[in-house]
Amino acid sequence: MSNHREVIEHIYQTIKSIDNIGKVAKYIPDLAKVAPSKFGVAYRSIENEEYGIGDWQTKLSIQSISKVLSLSLAYRLLGEDIWARVGVEPSGNAFNSLVQLETDNGIPRNPFINGGAMVICDMLVSHLENPKADFLEYVRDISSCNEISYSASTAKSEEEVGYRNKALCNFIKSFGNIENSPDEVLDFYFHMCSIEMTCQELTKTFSFLAFSNFKTHNGDQVLNLSQTKRLNALMQTCGFYDESGEFAFKVGLPGKSGVGGGIIALHPEKYCLAVWSPRLNEKGNSHRGMKFLESFTTETKLSIF
Ligand code: DON
């Protein structure tokens, strides 16, 4: 661990000193308010050792990272039935693209592109009594962090300009793959994306996917071994949209990004690593975050390949 602490500090300082290129996401007006210089890293090992540097205890908008959490809850509640309505293939397209849905009859390619996440949200809206409250309770439970919340202002800000997401949801509904009203599904989706966490909280939250010895404070295992393996496989193949191949090539870990500039990556049975830097590359992934993770797995030789 002291070794990793040194590596993290060294890479953090190097990246901080040389580049901060890319653009902060502005299509959600609330996200444009974040200081582009924010940069934090949190590390947690299977032995529960933790280390953080920079803005690792400042809240960030986790955005698409939340899609792994909603998927995990749907998988836990509904099991393999979920795969009848959403695929498990990388789309090779942008996260908000509409094009493949026409020929795929409204079945999104995977649960991490926006359309796929909306189908998962629809399942949760059908299944949960109070979707927003119940989902938040689930996230607080698996993370043991009771301070995790939605940002009402980010959810509203996204809803006000969410024309493309509204189009996606209505389009999928036209194929019969959304059961509930698009307004209800979108309200849940926008809130889910607005969840705020620190990098430290991200590593706690994703421990259930990284460590097979993980149990919630009630002694529950969140997913079984096969489900855990499958979610990691999906993060590996689809977690970075049309940059998923590049992430596997350069970093070699299952992970998930969000347009708030956060990335969670994990090495099963070894560690969880969360990085936050708001400037994004042209594929919508954190520029510094990608660089940090590439350097970390290169220097420690701890990737899954
Ligand atoms: O629906 C959206 O566009 C955002 N709420 C989430 C997109 C996102 O985070 C994509 N990630 N890289």
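The values are calculated or read from the model by the stated rules, or taken from the named source; none is laboratory data. Only a predicted model underlies this, so the values are computations on that prediction, with no experimental measurement involved. When we count neighbours, we look across all protein chains shown, and the Cβ atoms used for this are built from the backbone with ideal geometry, even at glycine. We work out accessible area using only protein heavy atoms, side chains counted, and drop any ligands, DNA or RNA first. Shrake-Rupley method; radii C 1.70, N 1.55, O 1.52, S 1.80 Å.
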Original post:
Summing Lys, Arg as +1 and Asp, Glu as -1, what charge do residues with Cβ under 13 Å from the Cβ of Asp187 carry, Asp187 excluded?
Top reply: -3
Original post:
How would you rank 258-269, 217-228, 162-173, 83-94, highest first, on the average number of other Cβ atoms within 10 Å across their residues?
Top reply: 258-269, 162-173, 83-94, 217-228
Subject >> Local electrostatic count at Glu9 - Lys and Arg +1, Asp and Glu -1, tallied over other residues with Cβ under 13 Å >> reply: 0
Original post:
Which length gain, in nm to one decimal place, applies between Asp19 and Ile82 when the Cα-Cα distance is subtracted from 0.36 nm times their residue separation?
Top reply: 18.5 nm
Subject >> Of Phe240, Phe95, Val41, farthest towards positive along the dipole that unit charges on Lys, Arg, Asp, Glu beta carbons give the chain >> reply: Val41
Original post:
Accessible area, 1.4 Å probe, largest first: how do Ile107, Ile28 sort?
Top reply: Ile107, Ile28
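Treating the beta-carbon of each Lys and Arg as +1 and of each Asp and Glu as -1, no other charges, what is the dipole magnitude of the stretch 68-223 about its Cα centre, to the nearest 20 debye?
Values: 11 positive and 21 negative charges, 62 e Å.
Dipole size: approximately 300 debye.
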Original post:
Would you list Phe190, Phe214 from the most to the least accessible area, probe 1.4 Å?
Top reply: Phe214, Phe190
Original post:
Residue-wise, which Karplus ³J(HN,Hα) couplings in Hz belong to the stretch 65-70, taking 6.51 cos²θ - 1.76 cosθ + 1.60, θ = phi - 60°, and x for glycine or proline?
Top reply: 4, 5, 5, 5, 6, 5
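What size of dipole, in debye to the nearest 20, comes out for the chain about its Cα centre when the only charges are +1 on Lys and Arg C-beta atoms and -1 on Asp and Glu C-beta atoms? Show your work: numbers first, answer last.
Numbers: 30 positive and 36 negative charges, 133 e Å.
Computed charge dipole of the chain: roughly 640 debye.
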**OP:** Work the Kirkwood hydrodynamic radius out for the chain: mean of 1/r over every pair of different alpha-carbon atoms, inverted, in Å.
**Re:** 19.0 Å
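What does the charge add up to near Ile65, with Lys and Arg as +1, Asp and Glu as -1, over the other residues with Cβ less than 12 Å from its Cβ? Could the numbers behind the result be given before it?
Numbers: positive: Lys67, Lys256; negative: Glu196, Glu201.
After counting each charged neighbour, the total is 0.
Could you size up the charge dipole of the stretch 184-262 around its Cα centre, putting +1 on the beta carbon of Lys and Arg and -1 on that of Asp and Glu, and report it in debye to the nearest 20? Write down the numbers at each step before the final one.
Working: 6 positive and 8 negative charges, 91 e Å.
Taking the Cα centre of the stretch 184-262 as origin, the dipole is about 440 debye.
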**OP:** Quick one: what are the phi-derived ³J(HN,Hα) couplings along the stretch 229-243, Karplus 6.51/-1.76/1.60 with θ = phi - 60°, whole Hz, x for glycine and proline?
**Re:** 4, 5, 5, 5, 4, 5, 5, 5, 8, 10, x, 10, 6, 7, 10
Original post:
Roughly how tilted is helix 114-127, in degrees to the nearest 10 and between 0 and 90, from the longest Cα axis of the chain?
Top reply: 70 degrees
